[in-house]
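Note sheet for the following structure.
Just so you know, all these numbers are worked out from the coordinates, no wet-lab data involved. Since the structure is predicted, the reported quantities are computational estimates derived from the model, not experimental observations. Counting neighbours? That spans all protein chains shown, and the Cβs are built from the backbone with ideal geometry, glycine included.
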């Protein structure tokens, strides 16, 4: 059976705590699902003989913890990009994403666009504009040190889809 897997880059402890609190607060205030703060590195289909664990280990071999530079806060009408932190392109992240793409038997049409969503919810543009102007990020870079493989539905469009995510594997990047 083929499995849809999302590969995530997860912030290190201090940054993760900040974003988790923001995600949880927004989820509570706007009746939206809470989720782990993450940047999607790649999303695609794993064949039965393809192990998400092996794919991650191969993709991050020799990769040390790294940071992404914040570009700005943005919003769209897309459920998974309701309100998000857009990051600048990063060569290490691109390398991991491309290694995953080339390691899969049937690569997807996933396009890397490094961002960290803060809420998944259909909202009015007025509310989104308000949130973008009212949120202040404390740092211009976010430090990442964990990669996760997540069992995910084909598309994430509802609270139920978000709540159905399951961690298949997680590992720390080298800190040295």
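Assorted remarks:
- Sorted ascending by nearby beta carbons within 10 Å, beginning with the fewest, 8, 165 become 165, 8.
- The chain: angle of helix 91-103 to the longest principal axis, Cα-based, in degrees nearest 10: 50 degrees
- GNM result for the chain, Cα springs below 10 Å: residue of 128, 86, 61 fluctuating most strongly: 61
- Pairwise centroid distance, computed over Cα atoms, of region 103-166 with region 36-83, Å: 9 Å
- Antiparallel %, DSSP beta bridges [both residues in the chain], to 5: 95 percent
- Cα gyration tensor shape of region 71-127, rounded if a/c is under 1.5, else prolate or oblate by comparing a/b with b/c: oblate
- Comparing 19, 66, 110 in a Gaussian network model of the chain, where Cα atoms under 10 Å apart are tied by springs, the biggest mean-square fluctuation is seen for 110.
- Contact order relative to length of the chain, as percent, for alpha carbon pairs under 8 angstrom and 6 or more apart: 33 percent
- Among 72, 159, the ranking by other beta carbons within 10 Å of each residue's beta carbon, starting with the fewest, stands as 72, 159.
- Degrees, to the nearest 10: 13-29 long Cα axis against longest axis of the chain: 50 degrees
- Burial ordering of 129, 121, fewest other beta-carbon atoms within 10 Å first: 129, 121
- The chain, helix-only ellipticity at 222 nm - DSSP H runs n ≥ 4, -39,500 (n - 2.57), divided by all residues, nearest 500: -9000 deg cm²/dmol
- Considering only 77, 161, 109, the Gaussian network model of the chain with Cα springs below 10 Å gives its largest mean-square fluctuation to 109.
- Cα gyration tensor shape of region 35-77, rounded if a/c is under 1.5, else prolate or oblate by comparing a/b with b/c: oblate
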